[in-house]
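A.B. asks: Structure provided below as structure tokens; questions to follow.
The values are calculated or read from the model by the stated rules, or taken from the named source; none is laboratory data. All values reported here derive from a predicted model rather than from experimental measurement. No Cβ is skipped: glycine too gets one built from the backbone with ideal geometry, and neighbour counts run over all protein chains shown.
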Amino acid sequence: MCGLTRVDEAITCSNLGVKAIGCVFYPKSPRHVNEEQAQTICQAVPDDIKTVGVFVNETLGNIMRKVKICNLKAVQLHGSETPELVESLRLENIFVIKALFVDGSPSLKDVCNYNASAYLVECGKGILPGGNALTWNWGKAQAFGEKHPLILAGGLSVENIAGAVAASLPDAVDISSAVESMPGRKDSVKVKAFMSAVSKCMIKHKLRKIF
């Protein structure tokens, strides 16, 4: 569940079965949070929830500062970060998620340059680096997921999640806008419905989990 901005909503999401929550540190995002907000959110959720910081072309120093202050358990790199940055973070024993794009750069073919813990794959179109709620041909990620830990993202909703999972067979899915009442505000009814649908998909396809 990406783009959390409120403590109560983060706790609700964890109670509804969400295994990882994302705090976005990209200033141009409508779901952007500061260090204090992220710290409060991350401290409030159970220890078994993977707290993820989402960054776009940020420096190693700034990322590590937020990792320590907010007690992040993972980072998601959603820009044109270098393989060296990924490796530096891995050496700090951080779970690193690198975003790759079907219709953008870095592309799925660039996976050979990275040594990430998992890869978030989406289409790569839209104004922002991510979070544009654009649907795409999720089946294009299926072959990639056979070889690499795959987190599917982009335009997912309770209406299309069954088809998206069947087409791509991911290890995890990433959602934000489709379960919101407005940017950054999660709707508990929508979250509950989505999590129920995801659970059924994972069981039906006997998919492994990375969180």
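A.B. asks: Of all residues in the stretch 182-196, which are hydroxyl-bearing (Ser, Thr, Tyr) and either at pLDDT below 95 or closer than 15 Å to Asp8 by Cα (or both)?
C.D. replies: Within the stretch 182-196, just Ser188 meets the criteria.
A.B. asks: Among the residues of the stretch 154-177, write down those that are surrounded by 22 or more Cβ atoms within 10 Å (Cβ to Cβ) and in a loop (DSSP other than H, G, I, E, B).
C.D. replies: Gly154, Leu156, Pro170, Asp174, Ile175, Ser176
A.B. asks: Being surrounded by fewer than 22 Cβ atoms within 10 Å (Cβ to Cβ) and among the aliphatic types (A, V, I, L, M) is the filter here, so list the residues in the stretch 1-23 that pass it.
C.D. replies: Passing the criteria: Val7, Ile11, Leu16.
A.B. asks: Return the residues of the stretch 181-192 that are touching a residue at least 60 places away in the same chain (Cβ under 8 Å) and crowded, with 16+ Cβ neighbours inside 10 Å; say none if nothing qualifies.
C.D. replies: Gly184, Lys186, Val191, Lys192
A.B. asks: Taking the stretch 80-98, which residues are free of Cβ contacts under 8 Å to residues at least 40 places away in the same chain and crowded, with 20+ Cβ neighbours inside 10 Å?
C.D. replies: Those that are free of Cβ contacts under 8 Å to residues at least 40 places away in the same chain and crowded, with 20+ Cβ neighbours inside 10 Å: Glu81, Leu85, Val86, Leu89, Val96, Lys98.
A.B. asks: I'm told Lys209 meets every condition in (1) closer than 14 Å to Cys13 by Cβ; (2) under 15 Å from the mean Cα position of the chain (by Cα) except one. Can you identify the failing condition by its number?
C.D. replies: Just one mismatch for Lys209, condition (1).
A.B. asks: Do you know which residues across the stretch 178-190 are outside any strand (DSSP E or B) and more than 15 Å from the chain's Cα centre (by Cα)?
C.D. replies: Passing the criteria: Pro183, Asp187, Ser188, Val189, Lys190.
A.B. asks: Restricting the search to the stretch 183-197, which residues are in contact with a Gly (Cβ under 8 Å, 6 or more places away or on another chain) and under 13 Å from Val158 (Cβ atoms)?
C.D. replies: Met195
A.B. asks: What do you reckon, is Ile69 surrounded by 17 or more Cβ atoms within 10 Å (Cβ to Cβ), among the aliphatic types (A, V, I, L, M) and modelled with pLDDT of 95 or more?
C.D. replies: no
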